[in-house]
Amino acid sequence: MLKHYYAQPYLGQVRKAYMQMIEQIAQRIHQIDPKHPVLTALEHSWQLPQEIVAFREHVPSVDIIGVNSYYRQQISQLDTLFKQFDPTRPYLVSEFGPKGYWNPDYSTFKNDTLLMEDSDHKKAIWYSTQWDRYVISKKGNNIGA
C-alpha cells in the first residue's frame, strides 16, 4: 500500500523503514512466544517479486509470508514466484476470491462503473476452483489459505 502514498526515492526509504519495523516486531514476538510462527501479508501487485526478495533479505524473522491474491492472472503465479524468489520460507494465500471493482485491469468497466459482477453461483465456483488449483495442488511451500 505504500506505493499509493509515496514516490521514489522516498518510497524506497519508507519501505526500508517499514521492513525494519516488521523485523523488529517479529523478533520481539519470537522472544515473547517462540512456539508460534509470525506471519505478515503482502498485496499481490506487479511489485510482488521485488517485495518477496526484499522480505527475504531484510525480514528473516517473519516465518510465513501471506499474499492477498485475487484474479487468475495473479494467484496462478504465486507458487512460481515463491519458488524463484524465496523458496525456503512458506507462503499462505491470505486472501483470494472473485474479480472485483478495485482493479480495472481485470474487471469490466465503462465510464468508471463496474459493468458486470459475477453471480454468486459463479463466484462460488471460482472460490472452489482457486482452492483446488492454486492452494491444494500447490502444497509444499504453500501452507494453505
*Thr80 paired with Lys35, simple spin-label distance in nm, labels 7 Å along Cα-to-beta-carbon*: 4.1 nm
*Per-pair calculated FRET efficiency, R0 = 22 Å: Val14 and Ser61 via Cβ, rounded to 0.05*: 0.65
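Multiplying the sequence separation of Gln47 and Asp118 by 0.36 nm and subtracting their Cα-Cα distance, what value in nm do you get?
Numbers: separation 71, 0.36 × 71 = 25.56 nm, distance 2.73 nm.
Separation in residues times 0.36 nm, less the Cα-Cα distance, equals 22.8 nm.
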*Debye sum, Cα scatterers, the stretch 10-56, no solvent: what log₁₀ I/I(0) at q = 0.15, 0.18, 0.25, 0.29 1/Å?*
-0.46, -0.64, -0.99, -1.13
_Qualifying aspartates and glutamates (Cα of each under 18 Å from Cα of Lys138; at least 8 residues distant if same chain)_ = Asp79, Asp86, Glu95
_Run the reach check for Lys122 against aspartates and glutamates, Cα to Cα strictly under 16 Å, same-chain hits fewer than 8 apart removed. What comes back?_
Asp132
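Every read-out reported here was derived from the displayed coordinates using simple, explicitly stated rules and does not represent laboratory data. Worth saying up front: this structure is predicted, and the values here are computed from it rather than measured. We place every Cβ from the backbone using ideal geometry, glycine too, and count neighbours over all the protein chains shown.
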